[in-house]
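Where a number appears in this text, it was derived from the coordinates with a stated rule and is not lab data. Because the structure is predicted, anything quoted here is derived from the model rather than measured. Cβ sites come from the backbone with ideal geometry, for glycine too, and all protein chains shown count toward neighbours.
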Amino acid sequence: MKKEQINDIIGWDIVNWSKSFDFWNKHLDVKDKGYKCLELGARQGGLSLWLALNNNQVICSDVSYTDQQHELDKTIALHQKHGCDQHIRYEAIDASNIPYENHFDLVVFKSVLGGVSIDTGKRLEQQTIDSIYKSLKPGGRVVFIENLEGSFLHMYARKKFVGWGSKWYYMKLKALVNLFDSYKSLKYHTVGFFGAFGKSEKQRQILGHFDTLIERMVPKDNRYIMIGIAEK
Ligand SMILES: C[S@@+](CC[C@H](N)C(=O)[O-])C[C@H]1O[C@@H](n2cnc3c(N)ncnc32)[C@H](O)[C@@H]1O
């Protein structure tokens with residue numbers, strides 16, 4: 001993929017989050033498959049762009065598309081910029097209550113699970129993963145990349161410096177893995193440590209490259225990003 005495409009798909013701490021492509025490509029071939037795909041919590045639809053660039057049919061969805069037309073307009077503009085909007089349609093779908101059954105080859109999400117319970121007063125992560133399960137065809141896969149609790153340093157910095165950091169539900173690696181108990185298989189990898197602390201994308205880029213160098217020295221459950229594929 002071209003650098004500009006990767007930047008538009010990933011958008012933040014690009015060096016660390018784009019390691020997802022190495023992992024996914026090892027376990028999954030999406031090129032020219034014509035897969036039926038759903039992206040959840042897409043906002044600007046980065047993963048929809050990835051799947052559409054590879055000639056799959058995508059529903060790009062976000063619960064916010066009902067009342068945030070400006071978000072949807074930006075998303076459509078991004079997909080048009082890359083000339084792949086003919087492969088994508090848009091829906092406002094609640095990830096914890098997906099109105100499809102045995103339908104998709106792939107369901108994808110990036111940085112969504114920690115936000116599904118905000119404003120509801122209920123824990124909806126398990127319900128979301130179960131709702132995805134129901135929406136997949138037998139043998140279909142959920143392909144995702146999600147924030148983790150990481151280390152105490154990550155949790156401290158989020159509380160101290162990021163307003164929404166106290167609302168987002170950062171899961172421990174083990175708790176996130178357990179959500180997929182009903183799936184046939186789950187393959188995953190964790191990456192990223194210092195990249196999360198960069199204040200600009202330039203800083204995150206430098207820190208992301210440093211993370212690549214020291215990755216083996218950082219305990220798996222202290223890293224702050226989980227990349228996964230689970231099969232129904
Ligand atoms: C942190 S943003 C991530 C956006 C995008 N996936 C990305 O990586 O740039 C979380 C997104 O999840 C959406 N969201 C929150 N709760 C949701 C739900 N129950 N169903 C679907 N989307 C939801 C929000 O509207 C928001 O766009």
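Order the peptides 33-43, 101-111, 4-14 from the highest to the lowest mean number of other Cβ atoms within 10 Å of their residues.
33-43, 101-111, 4-14
Quick query: amide H of Phe104 versus all other amide H atoms, modeled in the peptide plane; which residues come in under 5 Å with a sequence gap of 5 or more or a different chain?
Placed amide hydrogens put Leu136, Lys137 under 5 Å from Phe104.
HN-Hα J couplings of the stretch 28-37 from phi, Karplus 6.51/-1.76/1.60, θ = phi - 60°, integer Hz, Gly and Pro as x?
7, 10, 9, 5, 6, 8, x, 5, 8, 10
Equivalent-ellipsoid semi-axes (√(5λ), Cα gyration tensor) for the stretch 41-169, whole Å, largest first?
Equivalent ellipsoid of the stretch 41-169: 26, 19, 14 Å, largest first.
Lys and Arg at +1, Asp and Glu at -1: add these up for the other residues within a Cβ distance under 14 Å of Arg89 and post the number.
Result for the neighbourhood of Arg89: -3.
Just the number, please: Stokes-Einstein D of the chain in µm²/s, Kirkwood Rh from C-alpha pairs, 10 °C, 1.306 mPa s.
89 µm²/s
Can you list the aspartates and glutamates whose alpha carbon is less than 19 Å from that of Lys134, not counting same-chain residues fewer than 8 positions off?
Straight-line reach from Lys134, under 19 Å: Glu39, Asp62, Glu91, Asp94, Glu101, Asp105, Glu125, Asp181, Glu231.
Go ahead and estimate [θ] at 222 nm for the chain from helices alone: -39,500 (n - 2.57) per DSSP H run with n ≥ 4, summed, over the residue count, rounded to 500.
For the chain, the value works out to -10000 deg cm²/dmol.
Which ³J(HN,Hα) values in Hz, rounded to whole numbers, follow from the phi angles of the stretch 72-81 under the Karplus curve 6.51 cos²θ - 1.76 cosθ + 1.60, where θ = phi - 60° and Gly and Pro get x?
5, 4, 5, 5, 4, 4, 5, 5, 5, 4
For the stretch 138-148, what does the Karplus curve 6.51 cos²θ - 1.76 cosθ + 1.60, with θ = phi - 60°, yield as ³J(HN,Hα) per residue in whole Hz, taken in order and with x for Gly and Pro?
Using θ = phi - 60°, the values come out as x, x, x, 10, 9, 10, 8, 9, 9, 5, 10 Hz.
Under the rule of at least 5 residues apart or a separate chain, name every residue whose amide H is placed under 5 Å from the amide H of Gly140.
Those lying under 5 Å, H to H, from Gly140 are Lys232.
Counting pairs of alpha carbon atoms under 8 Å apart in space and at least six apart in sequence, what relative contact order in percent does the stretch 3-231 give?
Normalised by residue count, the contact order of the stretch 3-231 is 21 percent.
Using the C-alpha atoms of the stretch 39-83, what convex hull volume per residue, in cubic angstrom, is computed?
With only Cα atoms used, the stretch 39-83 gives 54 Å³ per residue.
Which Cα, out of His154, His27, Ile129, lies furthest along the positive dipole direction of the stretch 3-231 (beta carbon charges, K/R +1, D/E -1)?
The residue sitting most towards the positive pole is His154.
Once both labels are modelled 7 Å past Cα along the beta-carbon direction, what's the Lys172-Ser64 spacing in nm?
Modelled inter-label distance: 3.0 nm.
Return the percentage of antiparallel bridges among DSSP beta bridges fully within the chain, rounded to the nearest 5 %.
40 percent
Given +1 on the Cβ of Lys and Arg, -1 on the Cβ of Asp and Glu, and no further charges, what dipole in debye does the chain carry about its Cα centre, rounded to the nearest 20?
Roughly 660 debye, rounded to the nearest 20.
Using only Cα positions of the stretch 1-92, each an equal point scatterer, no hydration layer, compute I(q)/I(0) via Debye at q = 0.12, 0.16, 0.17 Å⁻¹ and quote the log10 values to two decimals.
Relative scattering, expressed as log10 I(q)/I(0), comes to -0.34, -0.61, -0.69.
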